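Here is the structure we will look at.
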Amino acid sequence: MKPEHVAMTANRTAKLSASARFAPSPANWDTVCRDALAKMISELTYEEVLAPIELGGGQFVLEFAGAVEYRFRAKTMAWGNLWVFPETISRTPAQEDCVSPLQFTIDARAELGMRPETLATFLRELSNTLAQDLTLAQKQAGLTRDALLALPSYRLDALLEGHPKAVANKGRLGWGAEDVSAYAPEAGKPFEPVWLAARRDGCVIGSEKGDDETSFLARTLGPETYGRLMACMENTGCTLKTHCLIPAHPWQWENVLRQAYISDLAKGDLVCLGAFGGHYVAGPSLRTLTSIDRPGSPDLKLSLSILNTSAWRGIPGKYIPHGPALSDWLEAIVCGDELTRETVTILRERAGIWYRHPLYDQIPDAPYQHHETLGAIWRDNPAARIKPGQKAHLYASLLHKDPEGRPLAAGHADKAGLSFEEWLEQLFDVTVRPLYHLLCKYGVAFIAHGQNLTVVLEDHVPVGVALKDLQGDVFLVDQVFPEQAGLDESLRQVVSHKPPSHIIHNLQTGHFVTVLRFLSARLAMSGILDERRFYEILKSCLARYMDHNPDLRSRFAMFDLMQPTVPRLCINKVRFEVGYADNPDRPSPGLGTDLINPLHDPKQL
């Protein structure tokens, strides 16, 4: 064998050996599997996919076709969901290895109702999720509560467990193990975006009034990096008169753009300029990157053609021209309103760009992923918008468990020197109250899940909230309120509209069910605060707000958060039903039977 072939073989062998060393311990694997299976049973029961039989004394059984049954102990929580105790789950007949959600999926295939091709792909998503849960468990080993609370926000975000409702919440279809190791948030490895020069008449651009591309990019990248990027662009024969500058995720460049845009690259309509911009790390949404070289500089949200938690993670072009203008309008509202002025920050979308694929653009009804492969949004990083001495953390981090299984929210309360009830009242005052106020007074609703809300803390006390994801996650009520007078009509036509009975679920389902359901359960099961008291405090917060704003009484009736029941929205069930086939639009949640609303009468809990 030639020497160069020997070297190549040695390199491949070393690479394979490093990969093969990944071997989870049986104990870690058992813990991760049991935790995931407990979540799976809980959420699929909540979505009415499964129907466990209660035997009494907190004991339940699931009986499946094929003479397989699972027994476990659980407690019914405020929203009718089960808190399943992972260590109590057993399978009959017993299996040789640990109790696994993978085998459970096979055992329950008749009840889950998935077609074989859907079942097989779901198993891939679930296996990917378990692999990353193992990584997260290993990275958190030895981290105390105080150590977690002291982490910079981007490092704590990288440890978060993911979407609480999605069973396979780290499916990341399209990524292999090396991709995850390079680009996943839990990997924590910095990387640089790839920059392209894109033919200007193929681009859709959004920018703030009075700003231009040159000034914005020079400020964002720094003059030295911007100068090198411009010199590289000029060396290719492109200028800002003919081409725009657009960043891309390095994985997207290597795995999608180089092939899908081959004709544009051949003609010079797209030109790769190389990696610029310094070190970025990925956040929990995978495609949003935070600079660690320039703290506080805008985050980059980039197209990423992988399927994760039910959708392809691309960037649609529809909202790009309107992001800065929508940011202007929303910021004018919160800055001009006495209730929100000191507590609410809009994480503005400062600029955006999207490149039109010349062929797929001629197929408007093609699956949406093909229209969203090359785009970027620059959005405020919370660190740039908070005051000295304050910290900003994703709301999802408050639910994150410390080594004793207690939510970090309790750790913040202890550090703040407040009782947990006092701390929770403050949290609701700076999050739920302004979100409800924006809905009732201005007819504006945000999808307020744990990654869209950032809580601002001062000495561990909640003092504000920052709102993001304005592109497609902001909705208007389907009637014109007088308070919307400053909204330009062209912008009104772009923002999605919903009737009152639907838009209320951006708060009710998007926050109460998707976030507070899990926070209240974890607090109760940690012995910190029972759920009855949790929802009494939430109801009191809303009642005080309504008492202080009698002029909005008719709006409170329109957006009634205290009704006896609320719709049950299901996300896992929809995936099981529609499968993984490409569709023109993102899948919408399904409906189950109505939920008993714990806010209607918390004393009944």
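The numbers here are math on the coordinates, done by the rules we state, and not lab data. Please read all numbers here as calculations on a predicted model, not as lab measurements. Because the Cβ atoms are built from the backbone with ideal geometry, glycine has one as well, and the counts that use them run over all protein chains shown.
Brief remarks on what is shown
- At R0 = 45 Å, FRET efficiency that the Cβ-Cβ distance of residue 547 and residue 215 yields, to 0.05: 0.40
- Computed 3J(HN,Hα) for region 407-412, one whole-Hz value per residue from the Karplus formula 6.51 cos²θ - 1.76 cosθ + 1.60 where θ = phi - 60°, is x, 5, 4, 5, x, 4, glycine and proline marked x.
- Links that overshoot a 20 Å alpha carbon limit, given the list 165/573; 165/415; 391/539; 441/603: 165/415; 391/539; 441/603
- Net +/- balance of residues flanking residue 506 in space, Cβ distance below 10 Å, scoring K and R +1, D and E -1: 0
- Radius of gyration and maximum dimension Dmax of region 381-425, Cα, Å: 12.0, 33
- Taking the three principal axes of the alpha carbon atoms in region 563-604, the coordinate ranges are 46, 16, 12 Å, sorted in descending order.
- Radius of gyration and maximum dimension Dmax of region 26-173, Cα, Å: 16.2, 50
- Label point distance in nm, residue 581-residue 201, each placed 7 Å from Cα along Cα→Cβ: 3.9 nm
- Computed over the chain: relative contact order in percent, which uses C-alpha pairs under 8 Å that are six or more apart: 14 percent
- Neighbours of residue 379 by Cβ distance under 10 Å: Lys/Arg scored +1, Asp/Glu scored -1, total 0.
- Diffusion coefficient (Stokes-Einstein, Kirkwood radius over C-alpha pairs, 37 °C, 0.692 mPa s) for region 187-383: 188 µm²/s, rounded to a whole number.
- Lys/Arg +1, Asp/Glu -1 at C-beta; the chain dipole; positive extreme among 104, 526, 333: 104
- From helices alone, the chain scores -10500 deg cm²/dmol at 222 nm; the rule is -39500 (n - 2.57) for each run of n ≥ 4 DSSP H residues, then divide by the residue total.
- Here the label points at residue 241 and residue 318, each 7 Å from Cα along the C-beta direction, are separated by 3.7 nm in the simple model.
- More than 23 Å apart - percent of Cα-Cα pairs taken over region 105-183: 34 percent
- Per-residue extension of 0.36 nm, minus the Cα-Cα distance of residue 97 and residue 181, leaves a gain of 27.5 nm for this segment.
- The charge dipole of the chain, taken about the Cα centre with unit charges on the Cβ atoms of Lys, Arg (+1) and Asp, Glu (-1), comes to about 760 debye, rounded to the nearest 20.
- Loop-resident GluC sites (Glu not before Pro) (DSSP state other than H, G, I, E or B) in region 116-180 with no more than 13 further Cβ atoms inside 10 Å of their Cβ are absent.
- Using the Cβ of residue 522 as centre and a radius below 11 Å, the other residues enclosed give a net charge of +1, where K and R count +1 and D and E count -1.
- Förster radius 30 Å - calculated FRET efficiency between residue 361 and residue 478, Cβ distance, rounded to 0.05: 0.50
- Kirkwood Rh and Cα Rg combined as Rg/Rh, the chain: 0.96
- One chain, two ends: residue 554 and residue 224. Fully extended at 0.36 nm per residue, the span grows by 113.2 nm beyond their Cα-Cα distance.
- Estimated FRET transfer efficiency when R0 is 30 angstrom, pair residue 488-residue 540 (beta carbons, to 0.05): 0.20
- Among the GluC sites (Glu not before Pro) in region 429-513, none sits in a DSSP loop with a Cβ that has at most 12 other Cβ atoms within 10 Å.
- Rounded to the nearest whole Hz, the Karplus-based 3J(HN,Hα) values (6.51 cos²θ - 1.76 cosθ + 1.60, θ = phi - 60°) of region 535-549 follow the sequence 7, 5, 5, 5, 5, 5, 4, 5, 5, 4, 4, 5, 5, 7, 10, with x at glycine and proline.
- ³J(HN,Hα) computed for each position of region 497-505 - Karplus, 6.51 cos²θ - 1.76 cosθ + 1.60, integer Hz, glycine/proline x: 10, 9, x, x, 5, 9, 5, 4, 7
- Length gained on full extension, residue 192 to residue 404: 72.6 nm, using 0.36 nm per residue less the C-alpha separation.
- Histogram of C-alpha separations across region 389-561, 10 Å bin width, %: 10, 37, 34, 16, 4, 0
- Separation of alpha-carbon centers, region 148-190 and region 229-301, rounded to whole Å: 22 Å
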